[in-house]
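Beneath this line is the structure, given in structure tokens, with notes to follow.
The values are calculated or read from the model by the stated rules, or taken from the named source; none is laboratory data. Everything numeric here is computed off the predicted structure, so don't read it as measured data. Cβ placement follows ideal geometry from the backbone for every residue including glycine, while neighbour counts extend to all protein chains displayed. Protein only, heavy atoms only, side chains kept; ligands, DNA and RNA dropped before computing areas. Shrake-Rupley method; radii C 1.70, N 1.55, O 1.52, S 1.80 Å.
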Amino acid sequence: MNSGIFAELLARQNILILERNVRGGFRLLGSAPEWCSGLLPADAASAESLAPEAIFSFLEYFLPEAGRFWADAAGGELRSGFWVEGRDDGGELHLVATACIVGGKKLLLIRRLEQEFDQLQRVYQKGRELLLNHERLLTETSKKEILLYCIIHDLSGPLAGMAGTLEMLKNEQLTAQGARFVELGRRAVRQQSVLIEDLLATFRAETGALDTIDPDPTHAPDAVACAREILDLVLPAFAMRGVSGSVKVAPGLPERVLVSGEKGRLERIFHNLIQNALRYSPAKGVVTIGFQREESAVRITIDDQGVGIPPEVAPQLFQKFVRGGANRGKSGLGLYFCRISVEQWGGTIGCEPRPEGGTRFWFRLNLV
């Protein structure tokens, strides 16, 4: 294909083609696209030396860089950023220039952006809309957070008063039935306190994000140490149920199993999963917390010897307000809290039946 036909084809694609001559001027190759009407001089087609920077003001800054590109003759192409050129009729042209060398000729291609500019405008507009929506959500979340803490404060005050009153009544001379009623009241207060704590912890996890992770690896939590601390904490409850607990660390893991996460929330995850295992363990059962390396991560398992999870509940177990069984007084937020925390840290979580009976809850976190 000769250069004339090629230039005409490019002109049909809204591309203006100028060839640089040895004196530094330019001449038009082929026909000028329709969008150039009124911009180029009347004799542009026959002129031997055009000054494009006098036509397109932006080129005053691009041509020196293009000149160095042509002098180096390193191949490839050099593109300008897009710019807006005003027209005499008040309209605007959105243009981009490309310097290249084809067949030994130093060419300057100027293309009008149509669809590309419209797409870019839509992207910018969508970005602005998303930013506004994000700011609106932050504002709404802040309002909800304030409202939630006000409600929790209003609930916690009377609850603390009731707890103190019941503790004092416990030391009074009461009938057997009166002592029973006081104990029932104390249990209800503790139960309500747990519900409030679950609600607060879940809300904090939902409004928190990955930026809650300390990027300093020296501050990363030790998963094995966290598990042992929580297991020691709940040992009295295990003893009351006649259940034992143990921690097993498989070979291949470092002495300190540092993971991506935040210590306080990781401890709460262990507390939720260990308490859950205890709740479904039979007398003389065993709850085992296991650690096994999986490439650059650690898989943590909590095994119990209970009756297992009902099949109809298992798929929704980590959703909000889903309970694993007839657990009155439970908020249905514990496992949901575990899931959103683990996922925010880039991990995964799940549960599965154990072939020997019982249930295995597991979660996987990246090692630091």
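For Ala97, the criteria (1) in contact with a Leu (Cβ under 6 Å, 6 or more places away or on another chain); (2) in contact (Cβ under 8 Å) with a residue 24 or more places away in the chain hold in every case but one, which is (1). Quick check: anything in the stretch 36-57 part of a strand (DSSP E or B), open to solvent by less than 80 Å² (accessible area, probe 1.4 Å) and modelled with pLDDT of 85 or more? Taking every residue of the stretch 36-57 in turn, at least one turns out to be part of a strand (DSSP E or B), open to solvent by less than 80 Å² (accessible area, probe 1.4 Å) and modelled with pLDDT of 85 or more. I need every pair where a residue in the stretch 258-279 that is free of Cβ contacts under 8 Å to residues at least 60 places away in the same chain and within 30 Å of Val307 (Cα to Cα) has its Cβ under 8 Å from the Cβ of a residue that is open to solvent by 30 Å² or more (accessible area, probe 1.4 Å) and part of a helix (DSSP H, G or I), sequence separation at least 6 or different chains. Short answer, once both residue conditions are applied: Glu267/Glu229; His271/Leu233; Gln275/Ala237; Leu278/Ala237; Leu278/Arg241.
Pairs are defined by a Cβ separation below 6 Å, a sequence spacing of at least 6 or placement on different chains, a first member in the stretch 106-124 that is crowded, with 19+ Cβ neighbours inside 10 Å, and a second member that is assigned to a helix (DSSP H, G or I) and modelled with pLDDT of 85 or more; the pairs so defined are Lys106/Trp70. Screening Val249 on (1) at pLDDT 95 or above; (2) under 18 Å from Phe337 (Cα atoms) shows it passes everything except condition (2). For the stretch 225-244, taking the residues that are under 23 Å from Leu258 (Cβ atoms) and touching a strand residue (DSSP E or B) at 6+ places or on another chain (Cβ under 6 Å), the one that is surrounded by the most Cβ atoms within 10 Å (Cβ to Cβ) is identified as Ala227.
Would you check if Leu138 is surrounded by 10 or more Cβ atoms within 10 Å (Cβ to Cβ) and touching a residue at least 40 places away in the same chain (Cβ under 8 Å)?
Working: surrounded by 10 or more Cβ atoms within 10 Å (Cβ to Cβ): yes; touching a residue at least 40 places away in the same chain (Cβ under 8 Å): no.
Considered against the rule, which asks whether it is surrounded by 10 or more Cβ atoms within 10 Å (Cβ to Cβ) and touching a residue at least 40 places away in the same chain (Cβ under 8 Å), Leu138 comes out as no.
Being charged (D, E, K, R), open to solvent by 60 Å² or more (accessible area, probe 1.4 Å) and not in a helix (DSSP H, G or I) is the filter here, so list the residues in the stretch 18-35 that pass it. Matches in the stretch 18-35: Arg20, Arg23, Arg27.
The residues of the stretch 281-304 that are over 13 Å from Phe361 (Cβ atoms), in a loop (DSSP other than H, G, I, E, B) and of a type outside the set (Lys, Arg), listed by number, are Pro282, Ala283, Gly285, Glu295, Ser296. Filtered by the rule that a residue be in contact (Cβ under 8 Å) with a residue 40 or more places away in the chain and among the small types (Gly, Ala, Ser), the stretch 49-66 gives a lone residue, Ala66. Look at the stretch 163-179: where a residue is over 20 Å from Arg190 (Cα atoms) and a partner is in a helix (DSSP H, G or I) and not hydroxyl-bearing (Ser, Thr, Tyr), sitting 6+ places away or on another chain with Cβ atoms under 8 Å, you get Leu174/Val182.
Which condition breaks for Val194 when tested against (1) open to solvent by less than 90 Å² (accessible area, probe 1.4 Å); (2) modelled with pLDDT of 80 or more; (3) part of a helix (DSSP H, G or I)? Among (1) open to solvent by less than 90 Å² (accessible area, probe 1.4 Å); (2) modelled with pLDDT of 80 or more; (3) part of a helix (DSSP H, G or I), Val194 violates only (2).
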